[in-house]
1. So, of the residues in segment 37-65 that are within 30 Å of I98 (Cα to Cα) and of a type outside the set (A, V, I, L, M), which turns out to be least open to solvent (accessible area, probe 1.4 Å)?
2. Any idea which of L34, L68 is at pLDDT 80 or above and open to solvent by 60 Å² or more (accessible area, probe 1.4 Å)?
3. Would you check which residues across segment 71-82 are open to solvent by 60 Å² or more (accessible area, probe 1.4 Å) and either in a strand (DSSP E or B) or in contact with a helix residue (DSSP H, G or I) (Cβ under 7 Å, 6 or more places away or on another chain) (or both) and list them?
4. Inspect segment 83-94 for any residue being touching a residue at least 24 places away in the same chain (Cβ under 8 Å), part of a strand (DSSP E or B) and of a type in the set (A, V, I, L, M, F, W, C) and give the result as yes or no.
Amino acid sequence: MPAGWRCRATAARRNRRSTRGVVCDLAGKPYPDLIVTDANQEHGIIGLRKGSNAALPDLPIGSRVRILTNHACATGAQYDRYQVLDGEGGVSAVWPRINGW
């Protein structure tokens with residue numbers, strides 16, 4: 001895990017205004033004030049932004065969400081290519097990942 005990402009994670013734990021990502025529904029619409037407050041190798045922890053009056057969405061175990069991460073390496077390094085989606089959710093292009101930099 002890149003050092004910069006871990007530093008931001010530490011800040012996020014201390015101050016929920018700093019976040020590791022924004023939590024969205026599968027269509028990409030953000031849930032009000034729902035953020036990734038921490039993460040480890042196995043999972044992420046989501047919660048409301050500090051001071052928020054928003055209600056937690058109903059997300060039972062097994063629910064799927066999209067995360068808009070604040071650091072591209074955490075997401076992009078996991079894959080050998082990227083699928084570019086069009087406005088209707090279909091794949092319009094495939095971009096190969098450049099490795100070894």
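1. If we take residues in segment 37-65 being within 30 Å of I98 (Cα to Cα) and of a type outside the set (A, V, I, L, M), then T37 is least open to solvent (accessible area, probe 1.4 Å).
2. On the way: L34 fails: open to solvent by 60 Å² or more (accessible area, probe 1.4 Å).
Among L34, L68, only L68 is at pLDDT 80 or above and open to solvent by 60 Å² or more (accessible area, probe 1.4 Å).
3. R81, Y82
4. Among the residues of segment 83-94, not one is touching a residue at least 24 places away in the same chain (Cβ under 8 Å), part of a strand (DSSP E or B) and of a type in the set (A, V, I, L, M, F, W, C), which makes the answer no.
The values are calculated or read from the model by the stated rules, or taken from the named source; none is laboratory data. All figures in this text were calculated on a predicted structure; none of them were measured in a lab. Please note: Cβ atoms are built from the backbone with ideal geometry, for glycine as well, and neighbour counts cover all protein chains shown. Please note that ligands, DNA and RNA were not included when accessible areas were found on the heavy atoms of the full protein model with its side chains. Shrake-Rupley method; radii C 1.70, N 1.55, O 1.52, S 1.80 Å.
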